[in-house]
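Have a look at the structure below before the remarks.
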Amino acid sequence: MGKMFLEHPGGTRLYSCANCHTVLTNRANLLSTRFTGSTGRAFLFKKVVNLAMSEKQDRVMLTGRHIVRDVSCKKCKSRVGWMYEFATEEQQRYKEGKVILERALITEINGIDEI
């Protein structure tokens, strides 16, 4: 197996895997903090890197039926949330292609100021 390539999104506030601290996204990609996951509070992001994805699954959630993929940290394989592939209800379609990260499974850390 070759070397694993990890991306870095940059930014002054970063969200990383709570298990291995691999950076997943930054505050600029945060769309909403008003979601709930299986571990409690969850955040919706427009772009997340360094993820591995499961097969598509049909799930009935609080907001209706969705096609989703569980997402895990690319480095340590810990589950961190899910990605919305498709929403059956029109008012939920804004979630398509977006990623939910569960607050209990990620950490927020300081990044660096860009020059």
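The values are calculated or read from the model by the stated rules, or taken from the named source; none is laboratory data. These figures come from a predicted structure and were not determined experimentally. Positions of Cβ are backbone-derived with ideal geometry, glycine not excepted, and every protein chain shown enters the neighbour counts. Ligands, DNA and RNA are stripped out before the accessible areas are found, and what is left, the full protein with its side chains, is counted by its heavy atoms. Shrake-Rupley method; radii C 1.70, N 1.55, O 1.52, S 1.80 Å.
Checking residue 21 against (1) free of Cβ contacts under 8 Å to residues at least 40 places away in the same chain; (2) open to solvent by 40 Å² or more (accessible area, probe 1.4 Å); (3) at positive phi: exactly one of these is not met. Which one? Of the numbered conditions (1) free of Cβ contacts under 8 Å to residues at least 40 places away in the same chain; (2) open to solvent by 40 Å² or more (accessible area, probe 1.4 Å); (3) at positive phi, the odd one out for residue 21 is (1). Residue 14 - would you say it is more than 12 Å from the chain's Cα centre (by Cα), surrounded by 19 or more Cβ atoms within 10 Å (Cβ to Cβ) and not polar (S, T, N, Q)? So residue 14 passes the test. Cβ-Cβ distances below 8 Å connect the following pairs, each with a first residue in region 88-109 that is over 28 Å from residue 12 (Cβ atoms), a second residue that is among the hydrophobic types (A, V, I, L, M, F, W, C) and open to solvent by 50 Å² or more (accessible area, probe 1.4 Å), and a separation of six or more residues or different chains: 96/86.
Annotation: residue 86 fulfils all but one of (1) at pLDDT 95 or above; (2) surrounded by 18 or more Cβ atoms within 10 Å (Cβ to Cβ); the unmet one is (2). Scanning region 89-115 for residues that are open to solvent by less than 30 Å² (accessible area, probe 1.4 Å), out of contact with any His (no Cβ under 8 Å at 6 or more places or on another chain) and not in a loop (DSSP other than H, G, I, E, B) turns up 99, 100, 101, 102, 106.
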